[in-house]
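Visitor: Sending over a structure as structure tokens; questions will come in a sec.
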Amino acid sequence: MPYTTLVSADTLAANLNNPDWRIFDCRFSLADVTAGHKSYRQGHIPGARYADLNQDLSSPVRSYTGRHPLPDFNVLGTKLGDWGVNNRSQIVVYDDAGGAFAGRMWWLLRTMGHTQVAVLDGGFTRWQKQDFPVTTVLPNITASQFRVYLDNKQWLDADQVANGLATRKFTLIDARAPERFHGRQEPIDPVAGHVPKARNRPLQTNLDKSGLFLPTDQLHQQFSALVAPYPAEQVVHMCGSGVTACHNLLAMEIAGLKGSKLYAGSWSDWITNRNRAVARD
């Protein structure tokens, strides 16, 4: 049975020695870009490789891009092969931030045609809480070949977002915290506010108090009400840089609301052009 959205710690523990499974540690900190890799070296799930948000899951930042441009998919495909991934692999990705960073790798793999990828529900925190093994030993990797089948219709650029909102072709959901969305605080980007007509759904809303994703029926009810009257296929997600927006996209997939898309550049890309409108409230 392939896992395409979430996988539990129990299920992952039962498959640690499964030769067809590949695990990726995606821990990262925007405040300290070296912290994730340091945490990985200090202890990770046995067999896990480390995928760095800046170095592996994004391209270099340019003056005309947001903070985490999409990676070169062919380069990432080669890295996946070097990490021992092939097109039959079941991939599990995790972090210690409720899936905020692991969701990026989940979305990238799906966009590259690989649907057998799931986020570890509850992440590394849940894994440790259940007393499953942690190691500092780096995995023994045998390189494989990963073929990329890219679907470039899974993301939009700023012009497509602007035109789509103007013609009411879709609704736009922003995953940032309310204080950033409303422009009351902006600790990261040089301009505060949000894209006019966007709706706010902080990614933390998708999780319960223990850090697990809400039940399917709750997510379905909440997102259906949020995006109405638009169907899932006419929903676009954004955040600060196209990373945590994937959390809302994942939550909709869990809820059975399939087919929403990503504004890859997100807010940090939107504000590179001073002619684009900014809303604050």
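Visitor: Let me know the Rg and Dmax you get for the range 200-281 when you use only its Cα atoms, in Å.
Guide: Taking only Cα atoms of the range 200-281, I get Rg and Dmax of 13.6, 42 Å.
Visitor: Accessible area of Lys38, 1.4 Å probe, to the nearest 10 Å²?
Guide: For Lys38, solvent-accessible area is about 110 Å².
Visitor: Given a Förster distance of 30 Å, report the FRET efficiency between Asn152 and Gln128 from their Cβ-Cβ distance, rounded to the nearest 0.05.
Guide: That gives a FRET efficiency of 0.20.
Visitor: Per residue, what accessible area does the range 175-281 have, given a 1.4 Å probe and all protein chains present, in Å²? Could you put the intermediate results ahead of the total?
Guide: Numbers: 4610 Å² over 107 residues.
Per-residue value: 43 Å².
Visitor: Let me ask you something else. Over the C-alpha atoms of the chain, what are the Rg and the largest Cα-to-Cα span, Dmax, in Å?
Guide: Considering the chain through its Cα atoms, Rg and Dmax are 18.1, 54 Å.
Visitor: Mind checking the angle between helix 73-82 and the chain's longest principal axis? C-alpha axes, 0 to 90 degrees, to the nearest 10.
Guide: 10
Visitor: Place a label point 7 angstrom from the Cα of Arg274 along the Cα-to-Cβ direction, then list the residues of the range 53-73 whose backbone nitrogen is under 20 Å away.
Guide: Only 62-67 pass the distance filter.
Visitor: Over the range 92-241, what relative contact order in percent results from Cα pairs under 8 Å that are six or more residues apart? Please report the intermediate quantities before stating the final value.
Guide: Values: 158 pairs, mean separation 34.1, N = 150.
Once divided by the residue count of the range 92-241, the mean separation gives 23 percent.
Visitor: To continue, here is another question. If I fit a long axis through the Cα atoms of helix 102-111 and take the longest principal axis of the Cα atoms of the chain, what angle between them do I get, 0 to 90°, rounded to 10?
Guide: 80
Visitor: Need the list of lysines near Lys169 for cross-linking: C-alpha distance under 19 angstrom, and skip anything on the same chain fewer than eight residues off.
Guide: Of all the lysines, those that pass the test against Lys169 - Cα under 19 Å, at least 8 places apart if same chain - are Lys153, Lys197, Lys258, Lys261.
Visitor: Let me have the relative contact order for the range 48-151, percent, based on Cα pairs under 8 Å that are six or more residues apart.
Guide: 34
Visitor: Separate question: When every alpha-carbon pair in the range 131-192 is counted, what percent end up more than 17 Å apart? Please list the in-between numbers first.
Guide: On the way: 1353 of 1891 pairs.
Above the 17 Å cut-off, the range 131-192 has 72 percent of its Cα pairs.
Visitor: First obtain the Kirkwood hydrodynamic radius of the range 133-264 from its Cα pairs, then insert it into the Stokes-Einstein equation at 20 °C and 1.002 mPa s, and state the resulting D in µm² per second as a whole number.
Guide: Working: Rh = 16.4 Å.
It diffuses with D of about 131 µm²/s by this estimate.
Visitor: Got a sec? Charge dipole of the chain, +1 on Cβ for Lys and Arg, -1 for Asp and Glu; which of Phe146, Ser58, Phe181 is way out at the positive end?
Guide: The Cα lying farthest towards the positive end belongs to Phe181.
Visitor: Tilt of helix 216-227 relative to the longest C-alpha principal axis of the chain, in degrees (0 to 90, nearest 10)?
Guide: Result, in degrees: 20.
Visitor: On average, how much accessible surface per residue is there in the range 30-70, in Å², for a 1.4 Å probe, leaving out ligands, DNA and RNA? It would help to have the intermediate numbers written out before the result.
Guide: Working: 2050 Å² over 41 residues.
In whole numbers, the range 30-70 has 50 Å² accessible per residue.
Visitor: Which of Thr115, Thr136, Thr11 moves the most in a Gaussian network model of the chain with Cα springs under 10 Å?
Guide: Thr11
Visitor: Describe numerically, in nm with one decimal, the distance between label points set 7 Å from Cα along Cα→Cβ at Asn74 and at Asn200.
Guide: 4.3
Visitor: Sticking with this one: At Asp159 and Asn87, where each label point lies 7 Å from the Cα along Cα→Cβ, what is the point-to-point distance in nanometres?
Guide: So the label points at Asp159 and Asn87 sit 3.2 nm apart.
Visitor: Kirkwood-based Rg over Rh for the range 1-55 (C-alpha set), two decimals?
Guide: With Rh from the inverse mean 1/r over Cα pairs, Rg/Rh is 1.02.
Visitor: Here is a follow-up. Probe 1.4 Å, all protein chains in place: accessible area of Leu108 in Å², nearest 10?
Guide: 0
Visitor: Here's something else I'd like to know. What FRET efficiency would be calculated for the residue pair Asp32, Met1, taking the C-beta separation as r and a Förster radius of 45 Å, to the nearest 0.05?
Guide: Here the calculated transfer efficiency is 0.75.
Visitor: Whole number please: convex hull volume per residue of the Cα set in the range 1-113, in Å³?
Guide: On the way: hull volume 12.6 nm³, N = 113.
With only Cα atoms used, the range 1-113 gives 111 Å³ per residue.
Visitor: Hey, any idea what % of the chain's accessible area is carbon plus sulfur with a 1.4 Å probe?
Guide: Values: 6180 of 12840 Å².
The C+S portion of the solvent-accessible surface of the chain is 48 percent.
The values are calculated or read from the model by the stated rules, or taken from the named source; none is laboratory data. These figures come from a predicted structure and were not determined experimentally. Note that each Cβ is placed from the backbone with ideal geometry, even for glycine, and that neighbours are counted across all protein chains shown. Just so you know, the surface numbers come from the protein's heavy atoms only, side chains and all, with ligands and any DNA or RNA stripped out. Shrake-Rupley method; radii C 1.70, N 1.55, O 1.52, S 1.80 Å.
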